[in-house]
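Worksheet: one structure, shown below.
What follows is calculated from the coordinates using simple rules that are stated; it is not laboratory data. Quick caveat: nothing in here was measured; it's all calculated off a predicted structure. A quick note on method: Cβ atoms are made from the backbone with ideal geometry, for glycine too, and the neighbour counts reach across all protein chains shown.
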Amino acid sequence: MEIVWLLLSLVILYFGAEGLVSGASSLARRLGVSPLVIGLTVVSLGTSAPELVVSVKAALNGQGALSIGNVLGSNFFNVGLILGFSALIYPLSVKRQLLKLDVPVMIFAALLFFVLFLDSEISRIEALIFVVTLIAYITYMLVTSQKKNAGKQKEEEEDVPLSKHWLLDLLFVGVGLAALIYGSDMLVVNAVIIAEKLGMSEAMIGLTIVAAGTSMPELATSVVAAIKKRADIAIGNVVGSNIFNILLILGVTGLVRPISTPDINYVDSLFNIGIGLLLWLFMKRSSRITRTQGAVFLVVYLLYFFWKLFLA
């Protein structure tokens with residue numbers, strides 16, 4: 001029966017995220033924000049909402065390994081599987097902002113987590129560092145984005161669906177959030193029950209099952225964006241989500257309750273850094289992420305998944 005509830009929770013998460021992303025993206029367009037910034041902020045925040053709810057709930061229940069494993073596992077899933085699969089569908093062009101600012105910030109966030117988590121704990125002070133770093137990044141990005149050519153920005157925004165009224169946007173956001181909270185709660189409860197019956201550790205549950213489940217909104221968003229040849233949304237969603245996952249989710253979670261677990265080791269943290277560096281190197285080599293590079297991401301993720309599942 002748990003499997004049925006688990007599948008139902010994934011459906012609720014998907015439609016909840018869709019409502020949140022649609023409403024938030026429409027609101028962002030009304031404010032004159034470019035598609036790349038939408039992908040890096042509004043869409044990323046919306047699709048990261050399941051990870052936030054799951055990690056906070058897990059931390060409150062004293063499940064530190066599940067809380068951090070969910071974040072790291074989602075980051076691996078985002079770049080390795082989601083970005084890899086999206087690039088296979090359609091090669092993704094890379095904007096200079098991603099190479100110069102956003103991907104380096106993603107790598108910095110991974111390095112910051114590695115350093116602060118060396119003692120296997122995220123204290124409230126360390127969590128505050130995450131949040132302050134995120135605020136500084138968003139502020140800088142929004143200020144610099146306003147310097148772009150207004151005509152070009154307007155042309156890009158035309159591809160972002162606009163609802164009939166801003167009240168409808170708020171309704172989608174509210175209903176989407178409610179569905180995400182309910183679906184995430186259902187996911188954690190049933191995924192843990194199933195995994196424990198299979199003899200899996202809490203850390204493994206977070207790094208694999210829960211991480212994949214809470215990343216479904218990112219998967220749907222980036223794949224659809226790739227099909228529509230909207231690389232800004234596809235890449236921005238993944239990079240932005242990875243930044244939010246560490247700086248916002250672990251930041252907020254750690255402020256609510258300090259997170260502690262010895263089950264997430266330095267190998268997981270180093271892999272988080274390594275896959276970010278691989279993305280940066282691919283972007284630096286050319287102006288797009290090719291199908292071949294997308295296949296490399298998929299292989300790297302599958303090798304890590306196999307290692308965690310059978311060898312670690």
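Structure data summary
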read-out	value
Listed residues Q63, T144, L247: farthest to the positive end of the dipole of the chain (Cβ charges)	T144
Approximate shape of the stretch 215-270 as ellipsoid semi-axes (Cα gyration tensor, √5λ), whole Å, largest first	29, 13, 9
0 to 90° range, to nearest 10: angle between helix 216-227 axis and the chain longest Cα axis	30
The stretch 195-251, dipole about Cα centre (Lys/Arg Cβ +1, Asp/Glu Cβ -1), debye to the nearest 20	280
Virtual spin-label span in nm between L278 and F310, 7 Å along Cα→Cβ	1.8
GNM flexibility winner over the chain from N78, N237, N190 (Cα, springs under 10 Å)	N190
Positive-end residue of L83, L52, A203, charge dipole of the chain with Cβ unit charges	L83
Estimated [θ] at 222 nm from DSSP helical runs (n ≥ 4, -39500 (n - 2.57)) normalised by residues in the chain, nearest 500	-23000 deg cm²/dmol
Stokes-Einstein diffusion coefficient of the stretch 198-312, Kirkwood radius over Cα pairs, 37 °C, 0.692 mPa s, in µm²/s	205
At R0 = 30 Å, FRET efficiency that the Cβ-Cβ distance of Y182 and L302 yields, to 0.05	0.45
Cβ-placed point charges (K, R +1; D, E -1), dipole of the chain about Cα centre in debye, nearest 20	1120
Highest average packing first - 118-125, 273-280, Cβ atoms within 10 Å	273-280, 118-125
√(5λ) per eigenvalue of the Cα gyration tensor, the stretch 161-218, largest first, Å	33, 11, 6
Förster-model FRET efficiency, 22 Å R0, Y140 and L99, C-beta, rounded to 0.05	0.90
K229-N61 pseudo-label distance in nm [points 7 Å out on the Cα-to-Cβ vector]	4.5
Part-to-part distance (alpha-carbon centres) for the stretch 191-212 and the stretch 70-102, which is given in Å	25
Extension gain from A295 to L270, taking 0.36 nm per residue of separation minus the Cα-Cα distance	6.9 nm
Ranked M106, M141, criterion: other C-beta atoms within 10 Å, fewest first	M141, M106
Entry for Rg and Dmax of the Cα atoms in Å (calculated from the structure that is shown) out of (1) 19.8, 61; (2) 20.1, 64; (3) 18.2, 57	(3)
Rounded, prolate or oblate (a/c below 1.5 giving rounded, otherwise prolate when a/b exceeds b/c) for the stretch 80-141 by Cα gyration tensor	oblate
Chain lengthening between L168 and S201 when straightened (0.36 nm per residue, less Cα-Cα)	7.6 nm
Choice from V11, V54, V238 with maximal GNM fluctuation in the chain (Cα, 10 Å cutoff)	V11
Exposure proxy ranking, count of Cβ atoms within 10 Å, fewest first, for S67, S201	S201, S67
Radius, Kirkwood style, for the stretch 50-113 when every pair of distinct Cα atoms is counted (Å)	13.6
Sequence of V143, V175 once ranked by neighbouring C-beta atoms within 10 Å, starting from the fewest	V143, V175
